[in-house]
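Trainee: The structure that follows is given in the form of structure tokens.
The values are calculated or read from the model by the stated rules, or taken from the named source; none is laboratory data. A quick note: this is a predicted structure, and the numbers were derived from the prediction, not measured. Ideal geometry is used to build each Cβ from the backbone, glycine not excepted, and the neighbour counts take in all protein chains shown. Each accessible area value is taken on the protein alone, full model and side chains, heavy atoms only, with ligands, DNA and RNA left out. Shrake-Rupley method; radii C 1.70, N 1.55, O 1.52, S 1.80 Å.
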Amino acid sequence: MSRFLHTIEEFWKASLPVASCIFFVLMMLMPLSIHGPLVTVKMILSAFPLMALCFWIVNQPEHFGVGWSFIIGFMQDVLLGQPLGMTALAYLGADFFLRGQGHFFLQQSFQHLWMMFAVVMVGVSAVQWLIASLMMHNWIDVMPMLVRVALGILFFPLVAFLLHQMQRSVFGRA
Amino acid sequence: MSRIRHNGMPSSIAGQYGPALILVGLAVFLIVLNLFFPSLVSRIRITFTDLLAPFMHAAAKPSEALQGVSSAWESVASVREENKRLQQQIDELHEWRDLAQQQASENRSLKGLMKYKDDSVMSFLTARVIAEVGGNFNNSVIVTAGSRDGVVKDMIAMGEEGVVGRVIEAGEWSSRVLLFNDLNFRLPVMLEGTQLRAILTGEGSGSPLLLYLPTEVEIKPGTRVVTSGHGGLFPAHLPVGTVQGRKGQDVVLAPYAKLDRLQMVRLVQYNLAGGAQNPLNQELKQAAPDVTAPPAKVP
């Protein structure tokens, strides 16, 4: 019985990072029927998957392999009707960057993670903008993207706090 | 918040970067595939969307419930004003009905005199919106109707008030509708009463534009814009919006449809019975042989 519970616990631990990212992708697509200034809510939601991806790569790299970065990006491309491979490539770049900063993150504070997320958010958005513009043969207006980037960076602490609480309850450590 | 731990990556270079480089190669390959085989990419995309449609449907449930509560609250709060407005609307609609009946009768008699034969067949299919995509680079929705329901690429999608977009991908269980505010959206339209033709195009976050209208002609704000039916792909006279004003050489459109309140869409099945050469006709015949059958199906 205890072995069975242990297996369940291990499965839960292994799947939580990926499940939370997939949950955020589906949440981003929810038809909210909101209008006016509330449209910014959608912009904030669209940054949630990347926030979760960054959080888990830094905090639970053994439970979030590079393959998942590709799959989450691919899933977003498919569901958002974007050019296939665009977000997958951008997320792989973010994955490389964050894992390459492993020693930097060692014993660093949340402010450093926030700063790294800001760099990743700008980089991922820039890659997506460049690929989408090249595909459409037209330079896409950067203003909505800049607003999305700013909102994403602003709301990162909220999502990171929620994920941190989740991590503590499941993995039992900070 | 937390202290950040060391990421436990394998130490050898090949072990560290090998699988990641393969994935990068795969991502680049997919991007190239978009350029040279768009129809294959579209097929891959809609197949995966079909697979994920049940999850999206489940994820949309809480928001549907929330919308129900919100609209119920709104209607309770404004019941008196709403009642007055509806009474006024009923009076106006009675006048319109009388006028429509009069014109229909006149139309019938004129067609009889001219021996006019109407070849077009149009019916509707209603589908629920399960996912809303409002990203930086595209604006589309995913609906719960696919090829098994008779949906084919290029069908026009209508909201309650007017045209909202066009089907760009039709899977077996679900379809993607490109909304009129998307940068890639194009629709032939005409200005009612003037016979001026234009192309409606999306502007992302801004209002849609009407392209290729002559600059020397004065276009009055408030002029009704409808589909032109040019080329036989789409039915004519579907309501799109009204002219808002000029923006340089282009004309800005005020659309009838409210994209932020889209819960259901009607997909227009259109067929020109006489036009066998029309590729849409052939597709329609294969996918939905009986397009004249009563529709109104909500999958």
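Trainee: Can you list the helices (runs of 4 or more DSSP H) found entirely within segment A:64-144 that contain at least 3 residues being more than 16 Å from the chain's Cα centre (by Cα)?
Mentor: Output list reads A:102-105, A:110-136.
Trainee: Which one is modelled with the lowest pLDDT, of the residues in segment B:131-168 that are in a strand (DSSP E or B), of a type outside the set (A, V, I, L, M) and open to solvent by 10 Å² or more (accessible area, probe 1.4 Å)?
Mentor: Quick first cut of segment B:131-168, residues in a strand (DSSP E or B) only: B:131-134, B:139-143, B:156-158, B:163-168.
From what's left, of a type outside the set (A, V, I, L, M): B:132, B:134, B:139-140, B:165-166.
The next check asks that each one be open to solvent by 10 Å² or more (accessible area, probe 1.4 Å); those that pass are B:132, B:134, B:139, B:166.
Numbers: B:GLU132: 84, B:GLY134: 70, B:ASN139: 85, B:ARG166: 90.
Top of the filtered list is B:GLY134.
Trainee: Look at A:PHE48 and say whether it is under 30 Å from B:GLY204 (Cβ atoms) and of a type in the set (Phe, Trp, Tyr).
Mentor: When the stated conditions are applied, A:PHE48 passes them.
Trainee: Consider segment A:48-74. How many of its residues are over 22 Å from B:THR49 (Cβ atoms) and small (Gly, Ala, Ser)?
Mentor: Total meeting the criteria: 1.
Trainee: Now a separate question. I need a count of the residues in segment B:169-193 that are open to solvent by 40 Å² or more (accessible area, probe 1.4 Å) and either under 12 Å from the mean Cα position of the chain (by Cα) or of a type in the set (S, T, N, Q) (or both).
Mentor: Result for segment B:169-193: 2.
Trainee: Just give me the residues in segment A:138-174 being closer than 25 Å to A:GLU9 by Cβ and modelled with pLDDT of 85 or more, in sequence order.
Mentor: Of everything in segment A:138-174, those that are closer than 25 Å to A:GLU9 by Cβ and modelled with pLDDT of 85 or more turn out to be A:VAL159, A:ALA160, A:PHE161, A:LEU162, A:LEU163, A:HIS164, A:GLN165, A:MET166, A:GLN167, A:ARG168, A:SER169.
Trainee: Still on this model: Restricting attention to segment A:152-164, which residues are open to solvent by 30 Å² or more (accessible area, probe 1.4 Å) and more than 10 Å from chain B (Cβ to nearest Cβ)?
Mentor: Residues satisfying the conditions are A:ILE153, A:LEU154, A:PHE155, A:LEU158, A:LEU162.
Trainee: Identify the single condition in (1) within 14 Å of chain A (Cβ to nearest Cβ); (2) closer than 15 Å to B:SER228 by Cα; (3) β-branched (Val, Ile, Thr) that B:VAL167 does not satisfy, given that it satisfies every other one.
Mentor: (2)
Trainee: For A:TRP56, all conditions in the list (1) more than 10 Å from chain B (Cβ to nearest Cβ); (2) over 12 Å from the mean Cα position of the chain (by Cα) hold save one; what is the number of the exception?
Mentor: Just one mismatch for A:TRP56, condition (2).
Trainee: OK, next. Return a yes/no flag: does segment B:43-53 have any residue that is among the aliphatic types (A, V, I, L, M) and at pLDDT below 85.
Mentor: No; the residues of segment B:43-53 include none that is among the aliphatic types (A, V, I, L, M) and at pLDDT below 85.
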